[in-house]
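One structure below.
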Amino acid sequence: MEATPDCASKPCRIFEFLESSIGKKIMVAAAGVLLCGFLVAHLLGNLLMFVGGETFNRYAEALVSNPLLPLAEAGLVGLFLIHIVLSVRATLANRAARPEGYQVYTGKGARTPGSRTMALTGTLILVFVIIHVATLKYQLGGPKGVDLFAHVLGWFANPWYSIFYVLAVGGVGLHLSHGVQSAIQTFGFNHPRYTPLIRKAGLAFAFLIFAGFASLPVYFGFIHEPALACCPTEGGSK
Amino acid sequence: MNITLKVWRQKNASQPGALVEYTVKGIVPEMSFLEMLDTLNEQLIARGEDPLAFDSDCREGICGMCDLVIDGRAHGPDKGATTCQLHMRRYKDGDVVTVEPFRSKAFPIVKDLVVDRSSFDRIQAAGGFVSTNTGGAGEANAILIPHDKAEKAMDAASCIGCGACVAACPNASAMLFVAAKVSQYALLPQGMPEREKRVLAMRAAMDAEGFGHCTNEYECEAACPKDIKISNIARLNREFFRATLISE
Ligand code: HEM
Ligand code: FES
């Protein structure tokens, strides 16, 4: 047996890995799990909005004045690019693998709402991320000349913005309802005792991410009294 | 009882096919699904029409030839069973049943419901074996194998290569088949000398045939007539990752 004779050297082997179906999936999963880490950090920061406008603004200020931030941002963009490029290539290859589909395709019930909609929820997340970064980070549109907390509140006051935000983080939750356990299986971990637990934990994680992010537009957009919202602070992030 | 069949008819690989409706009369519950198709063919031949082409061989669930997608399910509605193990007692008079071939770019249609699965043979030939000089049979207890490993290897080796995993996978991925074949050797001492070479070669052969990527939909496991577990796919991923890192 001659194992891929054209690929005897190490760098070639690594390239072969990255181009292989399994290697691509492992990279998508690795980037996805690291993005989950980002989501947790981002959510914890955002939840400071519940503590108070001043605390949130101070946190944001500390973040943007950190000289390492551009590095972290570049890493984040890199993760998104790896995740998106490889998952889109995998999805296209999968479509090509069955050029003529079934007239009736019922299956035996293993698929989940999350697994069926990965490409759809992924696209929704991408659209949301672009709008999200444009409106909240680069502050295109929305109230001008106010601190970050007031700016975010201004956006959440727009019900369409808040509803889209909730739908989009719902998409993130659906993406992760399949993604978390899928990534762990892709990494090669499957165990008769732990895998059922991992699947439940993945669902719980997905739900917490959804509920955590959704709580902000729901509370500040629909429940919170705008009159109490404003709290002129020293040192906004702008 | 009478059954209405909607069956995929296609003259050959280059001509387009379509579902054609037939009413099959005089079916008894004791018939197998394949015997019901035999009955249809007798009726077609009696009318002077071209009989339906479909594969079968052992008709007892061990050869993996009877590849049909029945009402959108590979090997029909039952769990852990091949099409030839499906019986008409599952159906009642007047039922409408759709029958299609396994669909994958790597399983081109030959005629009607018959597909060419030689892509599986090429993957197997790339590494699904152990190279050993056969002499007299060795002493069976000379190589110690832990019981749980032996069981897992036997479970993986029960794959009959029917291709239902590919047919059922939304991505037409062959990962469960390749995982079973890699696992049955990776678990046993006899498979160790060629462990890395094997997984690298079989992965390359699998991708070269144009099968899709695994996205962990687990429909393969649900459709497998031999109940091959997706833990084998996890093992394949580990084996491939490990071989990439350590093989020269
Ligand atoms: C916060 C952002 C995101 C997170 C945390 C995330 C997380 C994940 C995880 C954990 C997986 C599972 C990997 C696996 O099955 O091995 C996954 C799969 C996937 N992601 Fe994302 N993702 C994010 C954004 C996106 C975006 C923006 C897109 C596309 C535009 C996308 C498209 C996909 C697709 C298509 C898959 C399925 C790939 C496959 O099953 O082969 N994701 N994601
Ligand atoms: S004909 Fe042999 S398995 Fe069905």
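Values quoted throughout were computed directly from the atomic coordinates according to the rules given, and no laboratory measurement underlies them. Computed from a predicted structure; not experimentally measured. Quick reminder, even Gly has a Cβ in these numbers, built from the backbone with ideal geometry, and neighbours come from all protein chains shown.
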(request) Quote the FRET efficiency, to the nearest 0.05, computed for B:Gln43 versus B:Ala125 with a Förster distance R0 of 41 Å and r equal to the Cβ-Cβ distance. (result) 0.50
(request) Sum up the charges of everything whose Cβ sits under 13 Å from the Cβ of A:Ala206, counting Lys and Arg as +1 and Asp and Glu as -1, but leave A:Ala206 out. (result) +2
(request) May I ask you to derive the FRET efficiency for A:Leu126 and B:Gln15 from their Cβ-Cβ distance with R0 = 45 Å, giving the value to the nearest 0.05? (result) 0.65
(request) Would you mind computing Rg(Cα) / (2.2 N^0.38 Å) for segment A:3-86, counting N as its residues? (result) 1.60
(message) Taking each residue in A:178-190, count the Cβ atoms of any other chain within 10 Å of its Cβ, then average. What number comes out?
(response) 4
(request) Holding the Cα-Cα limit at 27 Å, pick out from A:Lys24/B:Lys229; B:Lys25/B:Lys111; A:Lys108/B:Lys11; B:Lys111/B:Lys197; B:Lys25/B:Lys226; A:Lys108/B:Lys149 the pairs that are longer than that. (result) A:Lys108/B:Lys11; B:Lys111/B:Lys197; B:Lys25/B:Lys226; A:Lys108/B:Lys149
(request) Quick one: Debye curve from the alpha-carbon atoms of segment B:83-140 only, equal weights, vacuum; give me log10 I(q)/I(0) at q = 0.12, 0.21, 0.22 Å⁻¹ to two decimals. (result) -0.61, -0.94, -0.98
(message) Under 10 °C and 1.306 mPa s, how fast does segment B:118-247 diffuse according to Stokes-Einstein, given a Kirkwood radius computed over C-alpha pairs? Answer in µm²/s, whole number.
(response) 106 µm²/s
(request) Set Lys and Arg Cβ to +1 and Asp and Glu Cβ to -1, take the dipole of the protein assembly as shown about its Cα centre, and tell me which of A:Leu76, B:Met1, A:Met118 lies farthest positive. (result) A:Leu76
(request) Can you tell me what the convex hull of the Cα atoms of the protein assembly as shown projects to on average, as an area in nm²? (result) 30.0 nm²
(message) Restricted to Cα positions, what overall size does chain B have along the principal axes? Three whole-Å values, descending.
(response) 62, 38, 35
(message) Is there a quick way to get the dipole size of the protein assembly as shown? I mean about its Cα centre, with the Cβ of Lys and Arg at +1 and of Asp and Glu at -1; what is the value in debye to the nearest 20?
(response) 640 debye
(message) Can you tell me the length gained on complete extension of the stretch A:Leu136 to A:Thr106, counting 0.36 nm per residue apart and subtracting the Cα distance?
(response) 6.5 nm
(message) Tell me the Rg and the Dmax, in Å, that the Cα atoms of chain A produce.
(response) 21.3, 76
(message) Run through segment B:99-198 and list the chymotrypsin sites (Phe, Trp or Tyr not before Pro) located in a DSSP loop whose Cβ has at most 16 other Cβ atoms within 10 Å.
(response) B:Phe129
(request) Sort by residue number and report every cysteine in chain B with no other cysteine beta carbon within a distance under 4.7 Å. (result) B:Cys159, B:Cys162, B:Cys169, B:Cys214, B:Cys224
(request) Could you list B:Met65, B:Met206 in order of exposure, starting from the residue whose Cβ has the fewest other Cβ atoms within 10 Å? (result) B:Met65, B:Met206
(request) Using a cut-off of 12 Å between beta-carbons, work out the net charge of the residues near A:Arg89 (Lys and Arg +1, Asp and Glu -1, A:Arg89 not included). (result) +2
(message) If every alpha-carbon in segment A:18-57 counts as one equal scatterer, what log10 I(q)/I(0) does Debye give at q = 0.23, 0.29 1/Å?
(response) -0.71, -0.85
(request) Report, as an integer, the average count of C-beta atoms from other chains found within 10 Å of each Cβ along B:240-247. (result) 5
(request) Please list the non-local residues whose amide H lies under 5 Å from the amide H of B:Val115, H modeled 1.01 Å from N, same-chain partners needing a gap of 5 or more. (result) B:Val110
(message) Eigenvalues of the Cα gyration tensor times 5, then square-rooted: what semi-axes does that give for segment B:3-111, in whole angstrom, largest first?
(response) 20, 18, 13
(request) Please report the Cα spread of segment A:109-185 along all three principal axes, rounded to whole Å, starting with the longest. (result) 52, 22, 17
(message) Please report the antiparallel percentage of the DSSP beta bridges confined to segment B:3-111, to the nearest 5.
(response) 75 percent
(request) Measure nothing fancy, just the Cα-based angle from helix B:195-208's long axis to the longest principal axis of chain B, in degrees from 0 to 90, nearest 10. (result) 30 degrees
(request) Report, in deg cm²/dmol and to the nearest 500, the calculated mean residue ellipticity at 222 nm for the protein assembly as shown, where each DSSP H run with n ≥ 4 adds -39500 (n - 2.57) and the sum is divided by the residue count. (result) -16500 deg cm²/dmol
(request) Positive end of the charge dipole of segment B:118-247 (Lys, Arg +1 and Asp, Glu -1 on Cβ, about the Cα centre): tell me which of B:Ser173, B:Pro189, B:Leu245 has its Cα farthest that way. (result) B:Leu245
